[in-house]
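The values are calculated or read from the model by the stated rules, or taken from the named source; none is laboratory data. Note that the structure is a prediction, hence the values are computed from the model and not measured. Virtual Cβ from ideal backbone geometry, glycine too; neighbours counted across all protein chains shown.
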Amino acid sequence: MKTGNRHGLLSNSPWLSPLAFSSFLPVTVVVLASMLVNCGGGNSQGGTGGSSSISVQLSSASLTVPAGGSIGRVNASIGRSGSTGAVTLSVSGVPAGASTILVQPGSGNNGEVALNPGMAATGSYPLTVKASDGVNSASASLSLVINAGTTSQLPGPFAWSSTAPLISAIPDATHPILAVKDPSVVFFNNLWHVYATTSTGSAWSMMYINFPRWQQAATAVPYYMDANPGFAGYHAAPEVFYFTPQNKWYLIFQSGQPQYSTTADLSQPGTWTTPQNFFASQPGNVPNWIDFWVICDSANCFLFFSGDDGSFYRSQTTIQNFPNNFSAPVLIMKSASPVDLFEASNTYYMQGLSQYLTLNEAIDPTGRRYFRAFVANQLGGDWTPIPTASNSATPFAGINNVTFDPGVTPWTVDISHGEMIRAGYDETLTIDPTNLQYLYQGTSGHPSNYIQIPWQLGLLH
């Protein structure tokens, strides 16, 4: 889902000039760390500190991380004896295709080394983490091993057929909308309930419709959410689910901040409560955030979101505390190209497979939108790309593996922001992997300004 300024990191248009596409092999990284302490100047570690010295210790002797942009971390603790200088960390020996993200200790005593294995080849690599205060230095040796990650229980490659557009803009006197996009959908009490983003060409908002059968979706009369207290102005990219522990429905969406609203009756859109923020302010480690997605297991609720720059984040709170007390977001995946992990993520539990599936929208070198897929055994764990759904040539869903139903004229080359058809409607977001269906946004028009694209909704099956 795009906002008026959320794509400012790249361009004012999503139809970008060709960008090199980076895909990632499913591999796993194991880092074995041993601490070496520099007790001052003049020894084999280098540095001359006189009566001062520093040491560095890593928090774990081993670290296992799958590739494909997934990130693993070790903490670096700095010991000081007479040293008051700012300490910086550096890492040598990182293989081509991998990268590091460092949190510097500075004048403090704690830092972090984050390892993004990226496209690095499998094998073993000797690494060295060095700490220096400009006078003294110390180092810790690491053995980096790259091998296979989590094996997906979801078979591939994938192939889809698409319907014609099922849901299109229905403007009225006060809502001259030209697009419907970013749908969230559940089946409850014999009705399909769809919440979605709307665009007038200059402003974003949301709407709601329901209908008993997909054949009736096109004539469903929309309820425009800006009629509700607190919903006027920019609110977009909804997700809806029933939160069983509290016996109420939640609507998650973006309004600059990630926000939520609740109701006891999904079918009465005028009853949603005034939107509330999840966070007091935008976290300092998150330069841009969009497309917020909540999913829960038996103990915790997780908030995933994207950065429109190749970044994918996670925050969490307990079931008991939801929707409050979400943790500081953590960067969990980072792609080399900003458009390889772009936006519009969905995460689901795959019924019968005991695995989780995450979809991330990407943009191919010609500007077309498609989805990559990742699996994990736990929501708080690491994500491994599904090899048969990792790039534009072999996507989870994209124009290269989507045909159109008999009699349907191809109407889009973009397979963009949408939602899986779920097996239920609660906070676990469970899907049936034997019957995958995806309600998505597509378009036949490509104006240069994203907010003016005439998106419609179709169904992949």
Q: For residue 450, indicate whether it is assigned by TED's automatic domain parsing to the domain that holds residue 197 and in contact with a strand residue (DSSP E or B) (Cβ under 6 Å, 6 or more places away or on another chain).
A: no
Q.
Under 9 Å between Cβ atoms, which residue pairs at least 6 apart in sequence (or on different chains) link something in the range 444-461 that is touching a residue at least 12 places away in the same chain (Cβ under 8 Å) and surrounded by fewer than 17 Cβ atoms within 10 Å (Cβ to Cβ) with a partner that is among the small types (Gly, Ala, Ser) and assigned to a strand (DSSP E or B)?
A. 452/179; 452/199; 461/161; 461/162
Q. Based on what the data block shows, is residue 163 in contact (Cβ under 8 Å) with a residue 12 or more places away in the chain, within 30 Å of residue 399 (Cα to Cα) and touching a His at 6+ places or on another chain (Cβ under 8 Å)?
A. yes
Q. For the range 280-299, does any single residue satisfy the condition of being in contact with a Lys or Arg (Cβ under 7 Å, 6 or more places away or on another chain), under 27 Å from residue 74 (Cβ atoms) and buried (at least 19 other Cβ atoms within 10 Å of the Cβ)?
A. no
**Q.** Of residues in the range 195-227 being out of contact with any Ser or Thr (no Cβ under 9 Å at 6 or more places or on another chain) and in a helix (DSSP H, G or I), the one farthest from residue 262 (Cα to Cα)
**A.** 215
Q.
So if I check each of 148, 169, which one is of a type in the set (A, V, I, L, M, F, W, C), out of contact with any Phe, Trp or Tyr (no Cβ under 6 Å at 6 or more places or on another chain) and modelled with pLDDT under 95?
A. 148
Q: State the number of residues belonging to the range 314-327 that are within 27 Å of residue 373 (Cβ to Cβ) and out of contact with any helix residue (DSSP H, G or I) (no Cβ under 8 Å at 6 or more places or on another chain).
A: 6
Q. Is it true that residue 143 is surrounded by fewer than 22 Cβ atoms within 10 Å (Cβ to Cβ) and not assigned by TED's automatic domain parsing to the domain that holds residue 52?
A. no
**Q.** Matching option when the condition is over 23 Å from the mean Cα position of the chain (by Cα) and at pLDDT 95 or above, among 404, 396, 374
**A.** 404
Q. Does at least one position in the range 34-50 carry a residue that is out of contact with any Phe, Trp or Tyr (no Cβ under 9 Å at 6 or more places or on another chain) and at pLDDT 50 or above?
A. yes
**Q.** Residue among 228, 247 that alone is modelled with pLDDT of 95 or more, loosely packed, with under 14 Cβ neighbours inside 10 Å and of a type outside the set (Val, Ile, Thr)
**A.** 247
